[in-house]
Structure formats: C-alpha cells, structure tokens
Amino acid sequence: MKMITAIIKPFMLDNVREALSDISVQGITVTEVKGFGRQKGHTELYRGAEYVVDFLPKIKIEAAVSDDMCDQVVDAIRNTANTGKIGDGKIFVTELEQVVRIRTGESGPEAL
C-alpha cells in the first residue's frame, strides 16, 4: 500500500479530483496549505506599497492506494495538475505499513 501526497495549485483541485474519480480512487483527503519551493514567493503591490508574499497558497491531496494503482494515480495527478509553469507542485509516494478501518476493524488492503 502507498500513501500518495500531492501539493498542487488551488485552482487545479476540481480537475484532479475528477481525474482520480475516473480511475476509481475511493477516497482522498484535501488540506489547504501554504508554502514555497524554488519560486520563493513573489512580490505584490497593494495601495501603492510593495510587499513580499513568502508563502503561496497550495492544496495538499492525500490518497492511500494499493500498490498496483500507484503509478496510475501519480500519472493522473501529474497530467491533470501540469500547467508547465513554475509552482505546479510535487507528488510524494511513501510506503504504508498498516491501514486499519476504524468502523469495521479491517486492516491491510481491505481497509482501503
């Protein structure tokens, strides 16, 4: 089992959610986060004053999937969230040792 964590631009969330639904990903967790990567934020002008925005708004999507779906999920996120511009985000894939469904007590791949 794998945990796929993707950091994407906020306006791409609906497209990514639809792409994941199309390949039968059963559940995702979405969190609004802030951060920066190589772009190091940017400057904006407000009422004549220039100020630096250090942390940019992003969306973090987490999905626990079976090993055989991992590449398909990563490809779906990558292809959907790609704008070709700086700040598109990152995808992290980590190994899950154990998953337990609280309601039923199921564990392992059955809990997904």
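The values are calculated or read from the model by the stated rules, or taken from the named source; none is laboratory data. Worth saying up front: this structure is predicted, and the values here are computed from it rather than measured. Note: ideal-geometry Cβ built from the backbone for every residue, glycine included; neighbour counts use all protein chains shown. For accessibility, only protein heavy atoms count, side chains too; no ligands or nucleic acids. Shrake-Rupley method; radii C 1.70, N 1.55, O 1.52, S 1.80 Å.
A few comments on the model shown:
- Scanning region 48-72 for residues that are part of a loop (DSSP other than H, G, I, E, B) and either closer than 19 Å to THR29 by Cα or open to solvent by less than 90 Å² (accessible area, probe 1.4 Å) (or both) yields GLY48, ASP54, SER66.
- Criterion (charged (D, E, K, R) and surrounded by 11 or more Cβ atoms within 10 Å (Cβ to Cβ)) met by exactly one of ASP22, ASP75: ASP75
- Count of region 72-95 residues which are over 10 Å from ILE4 (Cβ atoms), out of contact with any helix residue (DSSP H, G or I) (no Cβ under 6 Å at 6 or more places or on another chain) and at pLDDT 95 or above: 7
- In region 1-26, the qualifying residues are those that are touching a Leu at 6+ places or on another chain (Cβ under 8 Å) and part of a loop (DSSP other than H, G, I, E, B), and the one that is modelled with the highest pLDDT is MET1.
- Filter result for GLU97 (loosely packed, with under 14 Cβ neighbours inside 10 Å and part of a helix (DSSP H, G or I)): no
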